Amino acid sequence: MSRENVEIVRRVYSLRADVVGIARGDYDEVFREYFDPEYELVPPFAYPDAESSYRGGDALRRWFRQMNEIWDDFRVEPESFCDAGARVIVFVRISGAAKQSGAALGMRAAHVVTLRDGRIARTDIFLDRAEALEAAGLPE
C-alpha cells in the first residue's frame, strides 16, 4: 500500500495547483477525489496569523486565501517523495514574493502527508526537514 500512497501524493503534487485557483474552488473536484472529507492541514507553529489547523475543504480554501493575501506567485514545488508507510514525506521548495514589501521567499521545507484508505487525510508542514523525518518515524 505504501507505494500506492506515494503515487497518490505524487499525482496530487503534479497538478501544480495554483493558490488563487484553490482559494476560488477550482480544484474542489480534486479535493473530492483524492482527499478525505475531514482532511486536515497543520501549518508550522512559526507561521504568523495561522490557525493551529485547517480541517475540510472550506478551511483549506481559507488557508490558501490567506497565503494569497500575503504572497504573490506563491508556489510549492515538490523535490522528492519518501515512502513512510501510511505517510509520505514530500521535500518541497516554497517560493513567492511578499505583497507588502516585495521581499522574495525561497526556502526548503517538508510536508508529512498521512493517507487513510487511499485518500489524503492530513498534511503537516515542517520548516525543518529533519523534524519532518522524525515526526514520520524515519532516521535522517
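Screening the candidates V30, V6, V12, V20 for the property of being more than 13 Å from the chain's Cα centre (by Cα), crowded, with 16+ Cβ neighbours inside 10 Å, touching a residue at least 12 places away in the same chain (Cβ under 8 Å) and part of a helix (DSSP H, G or I) yields one hit, V6. Taking the criterion of being assigned to a helix (DSSP H, G or I), modelled with pLDDT of 90 or more and surrounded by fewer than 14 Cβ atoms within 10 Å (Cβ to Cβ), the only residue of the stretch 33-64 that qualifies is E33.
For the stretch 65-96, a residue qualifies if it is touching a Phe, Trp or Tyr at 6+ places or on another chain (Cβ under 9 Å), exposed (fewer than 15 other Cβ atoms within 10 Å of the Cβ) and not hydroxyl-bearing (S, T, Y), and the qualifying residues are E77, E79. Comparison of A121, A109 shows that the only residue that is of a type in the set (G, A, S), within 14 Å of the chain's Cα centre (by Cα) and within 17 Å of Y34 (Cα to Cα) is A121.
Is there a residue in the stretch 48-56 that is aliphatic (A, V, I, L, M) and either at positive phi or touching a Leu at 6+ places or on another chain (Cβ under 8 Å) (or both)? Within the stretch 48-56 (the criterion being aliphatic (A, V, I, L, M) and either at positive phi or touching a Leu at 6+ places or on another chain (Cβ under 8 Å) (or both)), the answer is no, since none of the residues qualifies. I'd like to check something: does the stretch 88-97 contain any residue that is more than 20 Å from S53 (Cβ to Cβ) and not in a strand (DSSP E or B)? No.
Being in contact with a Gly (Cβ under 8 Å, 6 or more places away or on another chain), at pLDDT 90 or above, surrounded by fewer than 16 Cβ atoms within 10 Å (Cβ to Cβ) and outside any helix (DSSP H, G or I) is a property that does not hold for R108.
The values are calculated or read from the model by the stated rules, or taken from the named source; none is laboratory data. Every value quoted in this text rests on a predicted model; they were computed, and no experiment measured them. Heads up, the Cβs are rebuilt from the backbone with ideal geometry, glycines too, and the neighbour counts pull from every protein chain shown.
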